[in-house]
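Peer 1: The following block contains the structure, expressed as structure tokens.
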Amino acid sequence: MLKGKTVLLGVSGSIAAYKTAYLASALKKLDADVHVLMTRNATNFINPITFETLTGNKCLVDTFDRNFEFNVEHVSLAKKADVVMIAPASANVIGKLAHGIADDMLTTTVMACKCRKIVAPAMNTNMFENPIVQDNIKTLIRYGCEVITPASGYLACGDTGTGKMPEPKVLLEYILQEIECRKDMRDIRILVTAGPTQEAIDPVRYITNHSTGKMGYALAKMAARRGAEVTLVSGQTALEQLQFVETVPVRSAADMYEAVTSRAAEQDIIIKAAAVADYRPKYVSGQKMKKQDGELVIELERTDDILAHLGENRREGQFLCGFAMETEKLLENSRKKLEKKHLDMIVANSLRVEGAGFGGDTNVVTIITKDGEISLGKMSKEETAMQILDRIVKIRAAGEDRMSEETEM
């Protein structure tokens, strides 16, 4: 995933330094070339040998260490780096970086880097809230650094408040967001829908389906990784909220219709991956319906067709992609939906195919457009999302080229 990418991790004096070992390990498992730079104070919290064992690279502390290959080490690493993360970043190191002080291997190397710099503060709450520290953080941001907001909770000093370094998986997401993908969707606004809708019967019961939202969330995540400005309209799921994505939670089909249609005009791409209920109870009881003898009949009415509305009211140049889950006549039914809903693309999958369907981490889909279809084999939902986005980017680029040629003529 990160093969060929070089990540520099700066570790300063904080009890949170142990978390960076987990981050270094996770990056190494993703095939990144990981180099760790430590301040002298950091070595009091974690031994450099730990990082050397995890990364396979020498952990650098001393600017004038002679025990390395003959080159200017801090400049060499700075040139190789694709991203730098200082985690934990103490108040001392933040102050140095904000004011151009380079008096050890960490600060000297960071000063020489032109790549993206990400800073994860970790300190006592009172230190973090100190106006001097806050001014230094603002200075770093002004110079183009990304500063991660610390978590709140119980601190090592015994206080409770803001200042905890986020968990390694959160820090990893920031690094992946920066370097995992080419940014071929930068400045593109995309709306993705995901998950099921819930149609109330009474205050206790509702009608829904088996969608978990995994496919829609994968699309939103990978679009953000590629630089897009992503809005995710999500039904109720058990999935963690995505970073770098604006999430709009909804519950019913009517909620989703309102959330999508009110935002549709400003989107360049809309991908409807949600499993929206086609019907809802015509009458919703205000009280819990009591069990009675005999059968219960619930009268249903149609919900508003979001995809049809988008197809009929799309703005010029907008790309529409729908999903079709079928149990029979997969391609035939999906092609009809593509034409009927005025879509540019439809992604079809069958509940009957092993590796596809609701709830799993894999999918098997066929991408259908007016020009043909491409069948993808079984792959993870994130890999499937990347393939779908690749196809959308390619089609949009071809359309822009045609428009440019027509304008020139």
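Laboratory data are not the source of any read-out in this text; all were calculated from the coordinates shown. Bear in mind the structure is a predicted one, so any value in this text is a computation, not a measurement. In this analysis, Cβ positions are derived from the backbone assuming ideal geometry, glycine residues included, and neighbour counts consider all displayed protein chains.
Peer 1: Which residue, VAL393, VAL365, VAL11, tops the fluctuation ranking in a GNM of the chain built on C-alpha contacts under 10 Å?
Peer 2: Highest fluctuation among the options: VAL393.
Peer 1: Here is a further query. For the chain, modelled as a Gaussian network with Cα springs under 10 Å, which listed residue fluctuates most, GLN241, GLN177, GLN292?
Peer 2: Comparing GLN241, GLN177, GLN292 in a Gaussian network model of the chain, the most mobile one is GLN292.
Peer 1: Can you match semi-axes √(5λ) of the Cα gyration tensor in Å to one of these, (i) 31, 29, 19; (ii) 65, 23, 20; (iii) 47, 27, 19, based on a calculation from the structure here?
Peer 2: So the calculated entry is the one marked (iii).
Peer 1: Taking a cut-off of 24 Å between Cα atoms, list the lysines near LYS336, but don't count ones fewer than 8 places away on the same chain.
Peer 2: List returned: LYS272, LYS370, LYS394.
Peer 1: Among rounded, prolate and oblate, which fits segment 189-408 when a ≥ b ≥ c are the square roots of the eigenvalues of its C-alpha gyration tensor, a/c under 1.5 means rounded, and a/b larger than b/c means prolate?
Peer 2: Prolate shape, in that a/c is at least 1.5 and a/b is the bigger ratio.
Peer 1: Give the distance, in whole Å, between the Cα centre of segment 96-133 and the Cα centre of segment 238-255.
Peer 2: 34
Peer 1: What percent does the relative contact order of segment 6-179 come to when contacts are Cα pairs within less than 8 Å and at least six residues apart?
Peer 2: About 24 percent, as a whole number.
Peer 1: Report, ordered by chain and residue number, the lysines lying within cross-link reach of LYS28, taken as a straight Cα distance under 17 Å and ignoring same-chain residues fewer than 8 apart.
Peer 2: Those lysines meeting the cut-off are LYS3, LYS5, LYS19, LYS58, LYS80, LYS169.
Peer 1: Based only on other Cβ atoms within 10 Å, what is the fewest-to-most ordering of SER76, SER334?
Peer 2: SER76, SER334
Peer 1: Oh, and also: Please tell me which of these pairs span more than 30 angstrom C-alpha to C-alpha: LYS117/LYS221; LYS340/LYS378; LYS221/LYS341; LYS164/LYS381; LYS29/LYS138; LYS291/LYS381?
Peer 2: The pairs that break the limit, which is 30 Å between Cα atoms, are LYS164/LYS381; LYS29/LYS138; LYS291/LYS381.
Peer 1: Need the list of lysines near LYS290 for cross-linking: C-alpha distance under 24 angstrom, and skip anything on the same chain fewer than eight residues off.
Peer 2: LYS282
Peer 1: Can you tell which of VAL248, VAL204, VAL170 shows the greatest fluctuation in a Gaussian network model of the chain with Cα springs below 10 Å?
Peer 2: Maximum fluctuation in the GNM of the chain, among the listed residues, is at VAL204.
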